[in-house]
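Undergrad: My questions will all concern the structure given below.
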Amino acid sequence: MSLSISLSINGAARDIVLDDVRVTLLDLLRERLALPGTKKGCDRGQCGACTVLVNGQRVNSCLTLAATLDGATVTTIEGLAQGDRLHPVQQAFLEHDGFQCGYCTPGQIMSAVGLIAEGHAGDDADRIREGMSGNLCRCSAYRGITEAVQDATRRMTAQAAEDAA
Amino acid sequence: MLYRPESLDAALALMAEPGAVLLAGGTDVYPALRDGMPPDRMIDLTRVADLRGIALADGTWRIGGATTWTDIVKAELPPRLAGLQLAGREVGSIQIQNAGTVAGNICNASPAADGVPALMALDAAVEIAGPEGLRTLPLHTFLKGPRQTDLQPGEIVTALLIPDGPGRGAFLKLGARKYLVISIAMISAVVEIGAGKITNAAVAVGACSPVARRLTALEAQLTGATAADIPALCAKADLSDLSPITDVRASADYRGEAVPTLVARTVLTAMEAPHVA
Ligand SMILES: Cc1cc2nc3c(=O)[nH]c(=O)nc-3n(C[C@H](O)[C@H](O)[C@H](O)COP(=O)(O)OP(=O)(O)OC[C@H]3O[C@@H](n4cnc5c(N)ncnc54)[C@H](O)[C@@H]3O)c2cc1C
Ligand code: FES
Ligand code: FES
């Protein structure tokens, strides 16, 4: 039985007919919407490679049924950069070597964007590690990841202060 | 088919026809689906307005049946409920906490569910709506065994009910690594203190018996104890209600040895007394 949903994905409104209501957001993004930036690692919530923002909150898209999201706003890794200008978190991952093979990186970056928006961790390395613990990195680039998140947090806080002034 | 009711009545009406699976955060349901045939009828509870929210009324905290762990962690709750909030911080990852619910945690009835000892130490009750109306029963009666609850066909957990009160709660989880890990054992304690001595204590242990257990004998001994007494009292605590098993995560012996130490640390944390973390 099919079901229609409307989503805003990276700022664009999409009306989608789901032929199988059991499709996950992850499979919908990758296989139907040509957004393969979001990665499938474990497909069961354990690795974080599939992390996206739904209504601003980080979720594992492999554990989210697309059909439950009618009306939601979804942001994926493809939605972060503005044209050629990278998002500060993307930039910081490059500058701090926050990856090796890069497979976990879209999930790490989306998770970091969510973490910074939550605003609890600041640039405290321990709180960042706790907040990023849902994202595993088989290459163990954790040190660079933590530094990148700290740096991006500082830059984004400074930018926000500048914008407010 | 997936149904997305917006009211409790609509959800209950959908439950009247047998065979439907309730879906809250889906963080237990969905990984389990992978290995078998997905159910034909699923009911998404996340849009049911009556099931959201945390509120205090008439001395009881009411935590709606679709409240997420993140909602709990972020809520302004008294120190008595700190153990529940700490348990929430240790459920999987932030991604899991944003989707997973407290009701889903207890309905899934895993012996390793982190929410259960925290709720047991708070004397939580489960409010259930069904064809016959509302009923409420204590969490320890609701949980019947691993993966078994008292939930009858057609019923939905509408809330967890927690008596408000003084005191402070704590929660400690032992896992093979620091984060994103299933518990080897976990302890939750709630203590009330007067003049440096415990006047009332509740201690629950998870993952060391088919269903988490309160340590009632130890609780009685803790009354009147000072922080200095805690390690010795816990070291000789009667743990005969527990029946730890050996599984992929730890041996029965390791669990048995870890529990007294963990209990002492949890009680001391709840007392805000200095100790080795
Ligand atoms: C990677 C990963 C890590 C995890 N780590 C932990 C952990 O550290 N600690 C821990 O305790 N758990 C952990 N879990 C398990 C899970 O996330 C939690 O148990 C969570 O609280 C389940 O909530 P949910 O809303 O996702 O439940 P769902 O999966 O939606 O539902 C679980 C069960 O409860 C039923 N149900 C849900 N809501 C209701 C209701 N209102 N009334 C009646 N029945 C209902 C469902 O039908 C189902 O049987 C983890 C899961 C994953 C995937
Ligand atoms: S693919 Fe979703 S958490 Fe691993
Ligand atoms: S960079 Fe290879 S898995 Fe993280």
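The values are calculated or read from the model by the stated rules, or taken from the named source; none is laboratory data. All of these numbers come straight from a predicted model, not from anything done at the bench. Note: ideal-geometry Cβ built from the backbone for every residue, glycine included; neighbour counts use all protein chains shown. Heads up: the accessible areas ignore ligands, DNA and RNA and are worked out on the full protein's heavy atoms, side chains in. Shrake-Rupley method; radii C 1.70, N 1.55, O 1.52, S 1.80 Å.
Undergrad: Provide the per-residue ³J(HN,Hα) series for segment B:119-133, in order, calculated from phi with Karplus coefficients 6.51, -1.76, 1.60 and θ = phi - 60°, each as a whole number of Hz, with x at glycine and proline positions.
TA: Each residue's phi maps through the Karplus curve to give 5, 5, 5, 9, 6, 5, 10, 10, 9, 10, 10, x, x, 8, x Hz.
Undergrad: Still on this model: I'd like to know how the protein assembly as shown sits against the 2.2 N^0.38 Å rule of thumb: what's its Cα Rg over that expected value?
TA: 1.02
Undergrad: Relative to the isolated chain, which residues of segment B:88-120 have their accessible area cut by 20 Å² or more in the presence of all protein chains (1.4 Å probe, heavy atoms, no ligands or nucleic acids)?
TA: Buried-area filter returns B:R89, B:S93, B:I94, B:Q95, B:I96, B:N98.
Undergrad: Right, here's the next one. Note down the Stokes-Einstein diffusion coefficient of segment A:88-164 in µm²/s, whole number, using a Kirkwood radius over alpha carbon pairs, 25 °C, and 0.890 mPa s. Write out the running numbers ahead of the final one.
TA: Numbers: Rh = 12.1 Å.
Result for D is 202 µm²/s.
Undergrad: Loop only by DSSP, 12 or fewer other Cβ within 10 Å of the Cβ. Give me the GluC sites (Glu not before Pro) in segment B:1-102 that pass, ordered by residue number.
TA: Answer in residue order: B:E6, B:E76.
Undergrad: Given the convex hull over the Cα atoms of chain B, what projected area results after averaging over all orientations, in nm²? Write out the running numbers ahead of the final one.
TA: Details: hull surface 57.9 nm².
Projected area, direction-averaged: 14.5 nm².
Undergrad: OK, next. For segment B:44-190, what does the relative contact order come out to in percent, with C-alpha contacts under 8 Å and a separation of six or more?
TA: The value is 29 percent.
Undergrad: Please work out the average accessible area per residue across segment A:88-164, using the 1.4 Å probe convention, and give it in Å².
TA: Here the per-residue accessible area is 49 Å².
Undergrad: Mind listing the phi-derived Karplus ³J(HN,Hα) values for segment A:100-116, rounded to whole Hz, using 6.51, -1.76 and 1.60 with θ = phi - 60°, and x for any glycine or proline?
TA: Couplings: 10, 6, x, 5, 7, 5, x, x, 4, 5, 5, 5, 5, 4, x, 4, 5 Hz.
Undergrad: Which entries in the list B:K173/B:K236; B:K74/B:K144; B:K74/B:K173; B:K144/B:K173; B:K144/B:K178 go over 26 Å, if you measure between the two C-alpha atoms of each?
TA: B:K74/B:K144; B:K144/B:K178
Undergrad: Based on the Cβ-Cβ distance of B:A217 and B:K74, what FRET efficiency does E = 1/(1 + (r/R0)^6) give at R0 = 35 Å, to the nearest 0.05?
TA: Once rounded, the FRET efficiency stands at 0.45.
Undergrad: On the accessible surface of segment A:3-79, probed at 1.4 Å, how many percent belong to carbon and sulfur atoms?
TA: Taking all protein chains in place, segment A:3-79 shows 45 percent carbon and sulfur surface.
Undergrad: Next question, about the same structure. Got the relative contact order for chain B handy, in percent, Cα pairs under 8 Å and 6 or more residues apart?
TA: 16 percent
Undergrad: Oh, and also: Relative to the longest principal axis of the C-alpha atoms of chain B, give the angle of the C-alpha long axis of helix B:252-270, reported between 0 and 90° and rounded to the nearest 10°.
TA: Helix B:252-270 sits roughly 80 degrees off the main axis of chain B.
Undergrad: Summarise the long-distance tail of P(r) for chain A by giving the % of C-alpha pairs beyond 30 Å.
TA: Here the tail beyond 30 Å accounts for 16 percent of pairs.
Undergrad: Hey, another quick one. Among DSSP beta bridges whose residues both lie in chain B, state the antiparallel percentage, nearest 5.
TA: Details: 41 of 47 bridges.
Of the beta bridges lying entirely in chain B, close to 85 percent run antiparallel.
Undergrad: Return the loop-located trypsin sites (Lys or Arg not before Pro) in segment B:33-116 (DSSP other than H, G, I, E, B) with at most 14 other Cβ atoms within 10 Å of their own Cβ; answer none if there are none.
TA: When the trypsin sites (Lys or Arg not before Pro) of segment B:33-116 are filtered for loop state and at most 14 Cβ neighbours within 10 Å, B:R34 remain.
Undergrad: Same structure again: Rounded to the nearest angstrom and ordered from largest down, what semi-axes does the equivalent ellipsoid of segment A:3-79 get from its C-alpha gyration tensor (root of 5λ)?
TA: Output for segment A:3-79: semi-axes of 17, 14, 11 Å.
Undergrad: Please list, ordered by chain and number, the residues whose modelled amide H lies under 5 Å from the amide H of A:C47; skip anything fewer than 5 residues away on the same chain.
TA: A:C42
Undergrad: For chain A, what is the mean residue ellipticity at 222 nm derived from helices alone (per DSSP H run of n ≥ 4: -39500 (n - 2.57); sum divided by total residues; nearest 500 deg cm²/dmol)? Display every interim value, and only then the final one.
TA: Working: 4 runs with 52 residues, N = 165.
After summing the helix terms and dividing by residue count, I get -10000 deg cm²/dmol.
Undergrad: Continuing with this model, one more query. Restrict the search to segment B:110-211; then list the GluC sites (Glu not before Pro) that DSSP places in a loop and that have at most 14 other Cβ atoms within 10 Å of their Cβ.
TA: Passing both the DSSP loop test and the Cβ count: B:E132.
Undergrad: Taking only Cα atoms, what is the 0 to 90° angle, nearest 10, from helix A:142-164's long axis to the longest principal axis of chain A?
TA: 90 degrees
Undergrad: Next question, about the same structure. Relative to the compact globular guide of 2.2 N^0.38 Å, what is the alpha carbon radius of gyration of segment B:1-117, as a ratio?
TA: 1.10
Undergrad: Calculate the length of the line joining the C-alpha centroid of segment B:136-150 to that of segment A:34-83, in whole Å.
TA: 34 Å
Undergrad: With the contact rule set at Cα under 8 Å and sequence spacing of 6 or more, what percent relative contact order holds for segment A:16-165?
TA: 24 percent
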